[in-house]
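Engineer: Provided herewith is a single structure, encoded as structure tokens, for subsequent inquiry.
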Amino acid sequence: MARLNYHHLYYFWRVASIGHLTQAAEQLHVSQSALSAQIKQLENKIGQPLFEREGRRLVLTDVGKRVQLYAQDIFSTGEELEQFLKSGNTHHTHLNIGVETHLSRNFIEAFITPLFDDPTVTFSLYARTMGGLMDGLTNHELDIALTNRAIANDVHGVLWQNQLVARQSVAIVGPYGEQPEQPFPQGYEDKKWILPGRNMGIRSMFESFCATQQYRADIKAEVDDMAMMRLLARDSGFLSVMPPVVVKDEIEAKKLQVYQTLPQAYEHFYAILLPRKFIPEVLLHLLRSQQLE
């Protein structure tokens with residue numbers, strides 16, 4: 001086979017990553033017809049189709065999936081090199097850290113605190129959705145992402161590296177000094193609740209606990225953002241369910257208190273990375289310091 005046209009391969013890689021021809025064309029600043037033609041030329045060179053159409057969606061063929069893996073290695077390495085060359089100063093390290101939008105700010109602060117003591121390190125924090133974090137990592141805009149859920153290795157054909165960096169117990173939290181004297185569910189009959197959204201793991205943990213206790217929570221509000229949960233728990237007078245680290249300051253100030261820790265219920269916090277040719281030593285040190293016993 002004649003030498004591959006890497007320009008065509010790059011266009012294929014972007015379409016395969018995005019999964020939509022029109023969106024890829026917009027991001028690449030080319031017309032949809034031009035993009036389609038370049039991918040067709042690549043398919044002709046390879047001698048096999050790389051995509052199949054399912055309605056309006058483009059789905060990778062088996063050959064397309066293999067080509068995507070090779071393209072991922074080729075272009076992610078190139079983008080990593082570009083970012084390294086842009087950094088310039090080898091005596092200074094700048095980390096781009098992505099955090100999932102609803103993640104506990106107290107956990108994030110605890111994670112990055114070791115960086116404050118190193119005068120050769122600066123960092124930027126970016127709050128994004130999970131999709132935005134994955135895009136930032138694959139495009140080498142981010143060095144690391146912090147989330148409360150691991151990413152399966154087959155998502156977008158990428159070999160994600162998930163490191164568990166923290167595990168926090170989940171508890172019932174309420175106004176200080178108002179904890180019922182009797183154990184749950186007695187004394188909780190007239191309580192109102194502010195609960196995590198139904199798409200969050202903490203919510204299913206709490207509902208399972210309530211089911212075993214034959215308790216039905218009177219839900220005042222549902223919130224899918226831990227920063228907002230913290231404010232509402234502090235100011236509303238209602239009960240909530242969260243890792244105590246989220247309201248650490250309020251507990252220390254005796255505005256809130258832990259009423260009861262849920263048995264065998266934990267929120268897990270992960271650092272997500274991609275395999276790289278070079279990982280800054282400061283990042284490796286940061287990850288080692290976060291390893292669980």
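The values are calculated or read from the model by the stated rules, or taken from the named source; none is laboratory data. Predicted, not measured: the structure shown is a model, and the values here were computed from it. Cβ placement follows ideal geometry from the backbone for every residue including glycine, while neighbour counts extend to all protein chains displayed. To get the accessible areas, we keep the full protein, side chains included, count just its heavy atoms, and leave off ligands, DNA and RNA. Shrake-Rupley method; radii C 1.70, N 1.55, O 1.52, S 1.80 Å.
Engineer: Give the range of the longest stretch in the chain that excludes all trypsin sites (Lys or Arg not before Pro) found in loop regions by DSSP and having at most 13 other beta-carbon atoms within 10 Å.
Structural biologist: With a cap of 13 other Cβ atoms within 10 Å, the longest stretch comes to 57-197.
Engineer: Run a plain Debye calculation on segment 118-217 (Cα atoms as equal point scatterers, no solvent) and give log10 I(q)/I(0) at q = 0.10, 0.24 Å⁻¹, rounded to two decimals, same order as the q list.
Structural biologist: The calculated log intensity ratios at q = 0.10, 0.24 Å⁻¹ are -0.49, -1.39.
Engineer: Among DSSP bridges having both ends in the chain, what percentage is antiparallel? Round to the nearest 5. Working shown, then result.
Structural biologist: On the way: 23 of 41 bridges.
Antiparallel bridges: around 55 percent, rounded to the nearest 5.
Engineer: What nm value, rounded to one decimal, do you get for the distance between Glu141 and Ser204 when each label is placed 7 Å out toward the C-beta?
Structural biologist: So the label points at Glu141 and Ser204 sit 2.9 nm apart.
Engineer: For the chain, what mean projected area does the convex hull of the alpha carbons give, in nm²? Before the final figure, lay out each step's value.
Structural biologist: Numbers: hull surface 79.2 nm².
Quarter of the Cα hull surface area: 19.8 nm².
Engineer: Considering only the other residues whose Cβ falls under 13 Å of the Cβ of Ala145, what net charge follows from Lys and Arg at +1 and Asp and Glu at -1?
Structural biologist: Summing Lys/Arg as +1 and Asp/Glu as -1 gives -2.
Engineer: Quick one: accessible area per residue over the chain, 1.4 Å probe, rounded to a whole number of Å²?
Structural biologist: On a per-residue basis, the chain sits at 55 Å².
Engineer: If you don't mind, there's one more thing I want to ask. Let me check against my output: what whole-number percent is the relative contact order of the chain, with C-alpha pairs under 8 Å and at least 6 apart? Could you put the intermediate results ahead of the total?
Structural biologist: Details: 435 pairs, mean separation 61.0, N = 293.
This gives 21 percent for the chain.
Engineer: Can you pull the one-decimal nm distance between simple spin-label points at Thr113 and Thr129, each 7 Å off the Cα toward Cβ?
Structural biologist: Rounded to a tenth, the inter-label distance reads 3.3 nm.
Engineer: Same structure again: Once each part is reduced to its C-alpha centroid, what is the distance from segment 1-77 to segment 222-251 in angstrom?
Structural biologist: 46
Engineer: Local charge sum around Leu286 (other residues, Cβ-Cβ under 13 Å, Lys/Arg +1, Asp/Glu -1)? Could you put the intermediate results ahead of the total?
Structural biologist: Working: positive: Arg288; negative: Asp117, Asp118, Asp143, Glu281.
With Lys, Arg at +1 and Asp, Glu at -1, the net is -3.
Engineer: Right, next: For a quick check, take a GNM of the chain with Cα springs below 10 Å and name the residue from Gly197, Gly47, Gly19 with the largest mean-square fluctuation.
Structural biologist: Looking only at Gly197, Gly47, Gly19, the biggest GNM fluctuation is shown by Gly47.
Engineer: Between the helical axis of 32-46 and the dominant principal axis of the chain, each derived from Cα atoms, what acute angle in degrees is found, rounded to the nearest 10?
Structural biologist: Helix 32-46 and the main axis of the chain meet at about 70 degrees.
Engineer: Checking the cross-link filter: which aspartates and glutamates have an alpha carbon closer than 17 Å to that of Lys220, excluding same-chain neighbours under 8 positions apart?
Structural biologist: Glu189, Asp190, Glu207, Asp235
Engineer: Right, another one. Each residue of segment 130-138 in order: what ³J(HN,Hα) in whole Hz does its phi give by Karplus 6.51 cos²θ - 1.76 cosθ + 1.60, θ = phi - 60°, with x for Gly and Pro?
Structural biologist: Residue by residue, segment 130-138 yields 4, x, x, 5, 5, 5, x, 6, 5 Hz.
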